[in-house]
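Read through the structure below, which is laid out as C-alpha cells, and then see the notes.
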Amino acid sequence: MMTNIALRRMRKERIWSLAIIGLLIVGLTAWIIVPSISASLQEGLSSYSNSIATYMFVYNTGEDGFKSRISENVTNDIISVEGVQEVYPILINFSSFIENGNMTNLPKGAIVMVESAVIGGHGGFPQSLIVISEGKLPENEAGFLTNGVASGTFSMNTTYTAIFELSSEDERPNSTDLYKDFLGREYVQFNATAVGKMPYNPILQQVYILWNSTFLRQKLGDQLYDQTFGGEGGTLFIVKAEDINQVKTIASKIASIFDNYLGYSVVYDQATVAAQLSFQSGSGILFNLIGITSLFSVVSMVFLITYLFSGRRSWEAGLLVTQGWSWRRVTKLFFYYYIVLGIISVAISTVISLIIASQIGYSFQVYGNTLTVAILISPYMLASGIVIALLVSGVVAYFALWRMKKIGLDNLLREY
Amino acid sequence: MIKLQSISKSYGSIKVLEDFTFGFKAGDTVCILGHSGSGKSTLLKLIALITKPDRGSLTIDGRNINGLNEAELEELRREKIAYSFQEPLLIPYMTALENLTEVIEVQNGKAVELLSQLGLSNRLNHQPSKMSVGEKKRVDIARAVLKKSVLLVVDEPLSSLDPATSLKVMALLRKHAEAGGIVVYSSVEPSDARFAGRVINMSIICAQANNSVT
C-alpha cells in the first residue's frame with residue numbers, strides 16, 4: 001500500500017520527482033562511472049606495466065659468437081628463485097644479411113649481422129611476448145619479424161638475402177643455394193622478407209629479428225639449424241617475475257647465479273619499474289581521492305536536493321497525523337517515496353554508466369605500443385550505488401520527520 | 001469527557017484564550033461561534049490535539065495531555081478524535097474515495113455510501129483538483145464522520161455548502177452526537193448555532209481575554 005501511495009505521489013509531483021530523479025542520476029552515474037574509470041585505468045596501466053616491466057633479461061654480449069650455451073641446470077636454478085614466475089631460455093645467434101647485391105660481388109664488410117632467434121618451440125622466442133605493431137607474424141613463409149631498432153635497417157615488405165656460414169662438417173642442405181666467398185668459406189644463402197614489425201620495446205632490444213622456425217629449419221637443414229637455434233640450453237634468458245616489486249631482488253639473485261658465466265649480465269627496464277612503483281604509490285592515493293570525492297559529492301548533492309524537497313507539501317504529513325497516522329507511519333511513506341525515486345535513479349544510472357563505459361576507451365602510447373584500456377563498470381560501484389540510494393532515502397525520510405516534528409503540527413498545516 | 005481547565009493560548013501578543021474553562025460530555029453538540037480571527041479554530045485545534053495550550057490543562061477521558069508523550073498523543077488522535085478542516089484538506093494524488101479508504105482505512109462500501117449520501121456519487125473517482133470547494137468540503141467532513149471517533153471536531157462545516165447540503169451535513173453530525181459522541185463545530189453565522197445544544201461565543205471570550213491585558 002505504501003509503495004502504491006508513494007508511486008501516486010511521484011506521479012502527482014511529476015516535475016519535482018523527475019528533477020530529483022535527474023539529479024540523482026547525475027550523482028549516481030558520477031559515483032558509478034568515475035571510480036570505475038579510475039579503477040579501469042589503474043588496472044589497465046598496472047596490468048600493462050606488470051606484464052612488461054616484470055621481465056628481466058640475462059643476455060650474452062655475443063663476444064664469443066654465441067658459441068657457449070648455458071645448460072638446463074641454470075634454468076632450474078633461476079626458476080627456483082623466489083618470485084620467479086617463468087623462465088624462457090632462448091637461443092640467440094647471428095643472422096647475416098647481404099647489404100647490397102649478392103655474394104658474387106660482395107665486398108668485405110658489407111654484411112650486416114644481427115642478433116636473432118626463432119619464434120616458438122624449445123629455445124625459441126615465446127610467441128606470447130610478441131606484439132606486432134605492423135605487418136604480421138611469419139607463417140611458414142620466407143619471412144621474419146624485425147624489432148624497432150632493426151627496422152632502421154630492414155624495410156617492411158622488402159626481401160633481403162640472408163646468409164649462414166657452414167662449417168666443413170655441416171651437412172649441405174639440398175634445397176638451398178650454396179656460395180663460397182673468396183676465403184673459401186661456404187654459406188647457405190636464401191631470400192627472406194621482413195613481413196612484420198615488433199614495436200620498439202626495451203625488453204626486445206636483444207633480439208633484432210625473429211625467424212619462422214619451420215622455414216629456417218628447411219633452409220638450414222637440421223644439423224645447421226640445431227647448431228644455431230635448436231638443441232639444449234640457452235644464450236638469452238627471459239625471466240618473468242610474479243610482481244613488479246620483486247624485480248630488483250630477483251635480478252640481484254639471478255646475477256649471482258651467472259657470476260661464473262662470463263659475458264652474461266642481467267638487465268631489466270629500471271626506468272619502467274621505478275615509474276611503475278612510483279605510479280602505484282602515487283596514483284593509489286589519487287584514485288582513492290577521486291572515489292571519496294565522488295562519494296562525498298553525490299551524497300551531499302542527493303541529501304541537499306531531497307532535504308530541499310522534503311519541505312514541499314509537508315502539510316500532507318500534518319494532515320495524515322491529524323487523521324490518526326503515527327509519525328512513524330508518515331516517515332515510512334516518505335521513505336517509500338524516496339526509495340522509489342532512488343531505485344528508478346539507480347536503474348537509469350546503471351544503464352547510462354554502461355553506455356558511457358562502452359563508448360569510452362583510453363589509448364596510450366607506451367614504448368611504441370598502443371595500450372587500450374577498456375572501462376569496466378565495477379559491480380562494487382553498482383552495488384554501492386544502490387546502498388547509497390537506500391541510505392540517503394532513509395536518512396532523508398528521518399530528517400524530514402525530525403524537521404516536521406520541529407515545525408509542529410499546527411505550523412505544518414498552515415503551510416497548506 | 002473532555003475538560004479544558006484555565007486554558008490560555010496566545011499567538012505572539014494576541015491572546016486568544018485566557019483562563020478558559022469548559023467541558024464536553026458524550027452526546028454534546030457544541031457550536032463555537034465567533035467572527036473571523038476570534039479564535040474558533042484555535043480552540044478546535046486545542047481539543048483536536050493539533051496545538052497545545054500555553055497554560056492550563058486539557059483532559060480527555062481523564063488523561064491530562066500535558067503529561068503525554070508524542071506516541072500517546074498519536075494514540076489519542078487515532079482512537080478518540082476526528083477532525084475536519086476549515087479549508088478542506090485532501091491528499092491531492094488520491095481520489096475522493098481514496099481520501100477516505102486509504103487515509104482513515106475505512107471500508108470501501110461505507111465510504112461510497114456516505115459520499116453518495118452527501119451527493120458525491122459522481123465524484124468518487126475524482127481527484128481534488130477536479131472538484132469544487134464545496135465538494136472537497138463534503139469529502140473532508142465525510143472522512144471525519146467515518147472515522148467513528150468519540151470526538152468529532154469540524155471547523156466551519158457549513159461554509160461553502162448550499163442550504164440543502166448543510167442540512168444533510170448537520171444531520172450527520174447530530175446523529176454522531178446522538179450515538180454518544182461529542183460534536184464540536186464552529187461557524188461565523190449565528191444562525192448556524194441552531195443545530196447545537198450549547199454555544200461558545202468566541203467573540204466575547206476573545207474580547208475578554210484581550211481586555212484582561214489592559
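The values are calculated or read from the model by the stated rules, or taken from the named source; none is laboratory data. These numbers come from a predicted model, not from an experiment. Note that each Cβ is placed from the backbone with ideal geometry, even for glycine, and that neighbours are counted across all protein chains shown. In case anyone asks, the SASA skips ligands and DNA or RNA and just uses the protein heavy atoms, side chains included. Shrake-Rupley method; radii C 1.70, N 1.55, O 1.52, S 1.80 Å.
Here are the numbers:
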quantity: Selected residue [farther than 27 Å from B:Ile50 by Cα, modelled with pLDDT under 85 and open to solvent by 70 Å² or more (accessible area, probe 1.4 Å)] from A:Tyr416, A:Tyr362; calculated: A:Tyr362
quantity: Answer from A:Val247, A:Val207, A:Val195, A:Val239 - the residue that is under 22 Å from A:Ile163 (Cβ atoms) and open to solvent by less than 10 Å² (accessible area, probe 1.4 Å); calculated: A:Val207
quantity: Hits in the range B:102-111 (condition: open to solvent by 10 Å² or more (accessible area, probe 1.4 Å) and either at the interface with chain A (Cβ under 10 Å from one of its Cβ atoms) or of a type outside the set (S, T, N, Q) (or both)); calculated: B:Glu102, B:Ile104, B:Glu105, B:Val106, B:Gly109, B:Lys110
quantity: Subset of the range A:234-260 (residues that are part of a strand (DSSP E or B) and either farther than 20 Å from A:Val207 by Cα or within 24 Å of the chain's Cα centre (by Cα) (or both)); calculated: A:Phe237, A:Ile238, A:Val239, A:Lys240, A:Ala241
quantity: Checking B:Val139 against (1) open to solvent by less than 30 Å² (accessible area, probe 1.4 Å); (2) within 14 Å of chain A (Cβ to nearest Cβ); (3) over 25 Å from B:Leu33 (Cα atoms), the condition it does not meet; calculated: (3)
quantity: Among residues of the range A:318-334, those that are away from every other protein chain (no Cβ under 11 Å) and either on the phi > 0 side of the Ramachandran plot or surrounded by 22 or more Cβ atoms within 10 Å (Cβ to Cβ) (or both), counted; calculated: 1
quantity: Cross-chain or 6+ apart pairs with Cβ under 9 Å, the range A:1-16 first and at the interface with chain B (Cβ under 9 Å from one of its Cβ atoms), then modelled with pLDDT under 80 and assigned to a loop (DSSP other than H, G, I, E, B); calculated: A:Arg9/A:Arg313; A:Glu13/A:Arg312; A:Glu13/A:Arg313
quantity: Unique residue being within 20 Å of B:Ala26 (Cβ to Cβ), facing another protein chain (nearest Cβ under 9 Å), in contact (Cβ under 8 Å) with a residue 12 or more places away in the chain and not small (Gly, Ala, Ser) when the list is B:Arg77, B:Arg63; calculated: B:Arg77
quantity: Any chance B:Glu156 is in contact with a helix residue (DSSP H, G or I) (Cβ under 7 Å, 6 or more places away or on another chain) and either of a type in the set (Lys, Arg) or open to solvent by less than 70 Å² (accessible area, probe 1.4 Å) (or both); calculated: no
quantity: Residue satisfying condition, being at pLDDT 80 or above and within 22 Å of A:Arg329 (Cα to Cα), within set A:Leu409, A:Leu354, A:Leu382; calculated: A:Leu409
quantity: Neighbours by Cβ (under 7 Å, 6+ apart or cross-chain): first from the range A:392-407, away from every other protein chain (no Cβ under 14 Å); second open to solvent by 80 Å² or more (accessible area, probe 1.4 Å); calculated: A:Val396/A:Tyr307; A:Phe399/A:Tyr307
quantity: Residue among B:Asn125, B:Asn99 that is within 14 Å of chain A (Cβ to nearest Cβ) and open to solvent by 40 Å² or more (accessible area, probe 1.4 Å); calculated: B:Asn125
quantity: Residues that are in contact with a Gly (Cβ under 9 Å, 6 or more places away or on another chain), crowded, with 17+ Cβ neighbours inside 10 Å and either away from chain A (no Cβ under 14 Å) or modelled with pLDDT of 90 or more (or both), drawn from the range B:16-42; calculated: B:Leu17, B:Phe20, B:Asp28, B:Thr29, B:Val30, B:Cys31, B:Ile32, B:Lys40
